[in-house]
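Q: This structure is in structure tokens; I'll ask about it shortly.
Derivation of every value follows stated rules applied to the coordinates shown; laboratory data play no part. Quick caveat, the model's predicted, so the values are computed rather than measured. We place every Cβ from the backbone using ideal geometry, glycine too, and count neighbours over all the protein chains shown.
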């Protein structure tokens, strides 16, 4: 249907039944007169149909994502694009941020107030990440550990106990290495049973393979970045125990570190 913004009404009839009261060419009555918070693609949904908070949150996330995708396509660096999109996605996954800092967007049309909406959304998200521990990217995880072990070499390849050229078939590549000590950095979703199982399996198998190819006597350590995730102390302890057991001792309890 077509709406005349000057007249403030539709200039084409409603395809549901233009003879009914409240439709036809009357003023905008789509989705209970609240198209931002409610969904009614064909205009046939009953005006008494409720809209849940969960639906509102999903719609909010979709709009924010669309706006930021367009915004990120502008003349800014790839790093800034990634940062803004990460901020938005993390922010939209946060119930407290949705309820508190993004209330202004409910009832506002992001498409009509595009520039202001995007600016305020990214600013709010950036402020939120500065005071809240949201899940970092894998690059952030590697930087955190790299800063801690700045005197270690990065990405050194080994095979059969000897240092070899990068990309050598069958070689292993620890994230950080210093004589007698190798370090791996992991960023997994440990909030789900599937994610935790994958973490245990991959770290353990990798540690066993590393033990065969790193210089004799090398101690292996792993740093698992769990920041921004809801995981209990018991779950962390259980993960560490499973890794030690499945790696056949290639990793010791003292060498399994969680960043929180």
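Q: Please enumerate the residues belonging to the range 154-177 that are more than 17 Å from residue 216 (Cβ to Cβ), in contact (Cβ under 8 Å) with a residue 24 or more places away in the chain and under 29 Å from the mean Cα position of the chain (by Cα).
A: Correct list: 175, 176.
Q: For the range 178-194, which positions are loosely packed, with under 14 Cβ neighbours inside 10 Å and farther than 23 Å from residue 155 by Cβ?
A: Within the range 178-194, 192, 193, 194 qualify.
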